């Protein structure tokens with residue numbers, strides 16, 4: 001019972017991002033003791049596997065996380081409601097399902113959560129589900145799950161959870177930013193995150209501010225808040241698990257010709273082992289080193305269509321398309337511009353249809 005409690009506590013800490021990476025690793029290492037493993041019961045084996053899958057994700061060892069996740073296939077008949085929730089959630093975080101299956105899993109998760117009596121983690125579950133629907137671009141579902149998460153966090157007085165959901169909701173609004181009112185809201189979220197001294201909430205808040213100022217073409221302010229972002233990553237040892245937020249930053253820096261800042265981001269993320277050599281972010285770092293803008297645009301054009309928007313941050317897609325479209329218009333390649341626009345529309349129809 002004590003060991004089960006230790007496993008559950010560590011899972012709680014992971015989902016709340018309350019442990020530093022070093023402390024989380026130390027705690028998990030303690031549980032790796034072979035004598036502890038030898039005493040595992042059937043239920044504890046599954047809980048332990050859930051924990052070490054979360055652990056692999058936190059350490060950016062996604063290949064290992066996928067290997068652990070694949071083991072759940074044969075274990076599902078032996079799982080209880082709570083374990084199924086964690087397993088499906090791991091699949092969502094790892095983007096382990098094709099698009100159609102992802103919708104089915106999210107619906108199953110919703111059903112399981114409605115019938116789960118232990119709701120203390122539901123705020124985190126709903127926030128992650130909202131993120132998944134954001135990637136899948138289902139407007140009503142996005143805010144529905146963010147609002148459910150916000151409601152639960154408010155009832156629990158979980159101020160870190162509240163700020164993180166507010167950051168997530170603001171991310172959706174940024175795409176249509178056309179006034180300074182949203183900037184005020186983003187700044188308020190940033191101040192709250194700083195007061196709470198939560199690195200992840202601060203990182204998300206600053207990222208939103210940078211994205212907003214990118215839409216408003218405020219290059220100097222992008223530079224200012226980028227420095228704050230780097231300071232946040234270093235001070236709090238932030239481990240960015242969802243690569244789309246890094247890609248969003250990378251695309252913004254690349255499209256605004258801020259190669260020096262992108263080089264700084266590359267050094268920091270590689271030093272913290274946050275970027276795999278074959279990841280989307282690594283491709284952006286390589287593209288930034290291309291000397292000619294036309295070559296960088298060709299890279300962006302390829303990136304725009306290569307995965308058919310599968311699990312892509314929609315704001316990133318919009319930024320990519322706008323950059324490519326503007327380049328071909330400014331260089332008077334109107335035929336190319338029209339081809340790209342038609343192709344973009346067709347993919348959107350297929351993806352969101």
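Report, by residue number, each residue of segment 249-260 that is part of a helix (DSSP H, G or I) and surrounded by fewer than 21 Cβ atoms within 10 Å (Cβ to Cβ). Those that are part of a helix (DSSP H, G or I) and surrounded by fewer than 21 Cβ atoms within 10 Å (Cβ to Cβ): 255, 259, 260. Among residues of segment 326-353 being within 18 Å of residue 296 (Cβ to Cβ) and at pLDDT 90 or above, the one that is surrounded by the fewest Cβ atoms within 10 Å (Cβ to Cβ) is 330. Entry remark, segment 205-240: residues being touching a helix residue (DSSP H, G or I) at 6+ places or on another chain (Cβ under 6 Å), surrounded by fewer than 20 Cβ atoms within 10 Å (Cβ to Cβ) and at pLDDT below 90 number 2 in total. Does residue 161 meet the test of being surrounded by 22 or more Cβ atoms within 10 Å (Cβ to Cβ), under 19 Å from the mean Cα position of the chain (by Cα) and touching a residue at least 60 places away in the same chain (Cβ under 8 Å)? The answer is yes for residue 161.
Evaluated against (1) crowded, with 22+ Cβ neighbours inside 10 Å; (2) over 20 Å from the mean Cα position of the chain (by Cα), residue 185 falls short on exactly one condition, (1).
Against the numbered list (1) buried (at least 23 other Cβ atoms within 10 Å of the Cβ); (2) within 24 Å of residue 133 (Cβ to Cβ); (3) under 19 Å from the mean Cα position of the chain (by Cα), residue 202 comes up short only at (2). Take the conditions (1) modelled with pLDDT of 80 or more; (2) over 23 Å from residue 156 (Cβ atoms); residue 115 misses just one of them, which is (2). Taken residue by residue, segment 275-283 has at least one member that is at pLDDT below 80, buried (at least 19 other Cβ atoms within 10 Å of the Cβ) and farther than 23 Å from residue 215 by Cα. Please tell me if residue 242 is under 19 Å from residue 56 (Cα atoms) and touching a residue at least 12 places away in the same chain (Cβ under 8 Å). Taking the combined requirement at face value, the residue satisfies it. Only one of the numbered conditions (1) buried (at least 19 other Cβ atoms within 10 Å of the Cβ); (2) farther than 10 Å from residue 284 by Cβ; (3) free of Cβ contacts under 8 Å to residues at least 24 places away in the same chain is not met by residue 266, and that is (2). Under 30 Å from residue 197 (Cα atoms), at pLDDT 75 or above and under 21 Å from the mean Cα position of the chain (by Cα) - does that describe any residue in segment 74-85? The answer is yes, given that some residue of segment 74-85 is under 30 Å from residue 197 (Cα atoms), at pLDDT 75 or above and under 21 Å from the mean Cα position of the chain (by Cα).
Within the span defined as segment 164-177, every residue fails to be outside any helix (DSSP H, G or I), surrounded by fewer than 18 Cβ atoms within 10 Å (Cβ to Cβ) and either on the phi > 0 side of the Ramachandran plot or modelled with pLDDT of 95 or more (or both).
The values are calculated or read from the model by the stated rules, or taken from the named source; none is laboratory data. What you see is a predicted model; the values in this text were computed from it and never measured. Here the Cβ is made from the backbone with ideal geometry for all residues, glycine too, and neighbour counts use every protein chain on show.
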